[in-house]
Amino acid sequence: MREILWISLGAIAGANARYFIARWVAKLISASFPYGTLLINVSGSFVLGLFLIWTTERVIADPRWRLLVAIGFCGSYTTFSSYAFESIALLEQGHWVDLAANVITNNALALLGIIAGAVVARAL
């Protein structure tokens, strides 16, 4: 039962961070392209890569941190379902260039986020 509590605490933080960042980015840049989802997916990938490499290669971490950060926070913060929905919406609206940009940037930058997080963790 305690594991569920750790996951839930991380999920509350991640979901709220996702909500506020997505709204902030839409106001700051534009709501016409899913920039918020892109930023969230890339930053979440970075955090996950940093955290997992750091806690498996650099420090001995209590397993509860993995529940809190990797499963709880990152699991609710990153937005694959939103990314998929927004991609299909762009497809249905005939916004081919935006669709391609969304798919390519989310996938490429999320992978680079994992790599960047791993590099930073290994440098610590």
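No lab work stands behind these numbers, since they all come straight from the coordinates. Predicted model only: the values in this text are computed from it and were never measured. Every residue, glycine as well, gets a Cβ built from its backbone with ideal geometry; the counts of neighbours run over all protein chains shown.
In order along the stretch 44-49, the phi-based Karplus estimate (6.51 cos²θ - 1.76 cosθ + 1.60, θ = phi - 60°) of 3J(HN,Hα) comes to x, 5, 4, 4, 5, x Hz; Gly and Pro are listed as x. Quickly work out the A84-to-W65 label distance, labels modelled 7 Å from Cα along the C-beta direction, and quote it in nm with one decimal. Label at W65, label at A84, 3.2 nm between them.
Helix 96-123: angle to the longest alpha-carbon principal axis of the chain, degrees 0 to 90, nearest 10? Long axis of 96-123 versus the principal axis of the chain: about 20 degrees.
Within the set [x] 27, 20, 13; [y] 29, 17, 11; [z] 25, 17, 14, the number that semi-axes √(5λ) of the Cα gyration tensor in Å takes when calculated for this structure is listed as [y].
In order along the stretch 51-62, the Karplus-derived 3J(HN,Hα) couplings, from 6.51 cos²θ - 1.76 cosθ + 1.60 at θ = phi - 60°, round to 5, 5, 5, 4, 7, 10, 10, 10, 9, 9, 10, 4 Hz, and Gly and Pro are given as x. Selection among Y35, I104, L5 by position relative to the dipole of the chain gives L5 as farthest towards the positive end (Cβ unit charges, Cα centre). Between helix 80-92 and the chain there is an angle of about 10 degrees, using the helix long axis and the longest principal axis of the Cα atoms.
Summing +1 for each Lys or Arg and -1 for each Asp or Glu among the other residues whose beta-carbon sits under 13 angstrom from that of F33 gives -2. Taking Cα atoms only, the orientation of helix 2-28 departs from the longest principal axis of the chain by about 30 degrees. Scanning residues 5 or more positions from A61 or on other chains, none has an amide H under 5 Å from its amide H, with H placed 1.01 Å from N in the peptide plane.
Each Lys and Arg Cβ is given +1 and each Asp and Glu Cβ -1; about its Cα centre, the chain then shows a dipole of about 380 debye.
Along its first, second and third principal axes, ordered by size, the stretch 37-92 spans 48, 16, 12 Å in Cα coordinates.
With a Förster radius of 25 Å, plug the Cβ-Cβ distance of R2 and R122 into 1/(1 + (r/R0)^6) and report the FRET value to the nearest 0.05. It comes to 0.25. Averaged over residues, the count of other Cβ atoms within 10 Å places the peptides 67-80, 3-16 in the sequence 67-80, 3-16, highest first.
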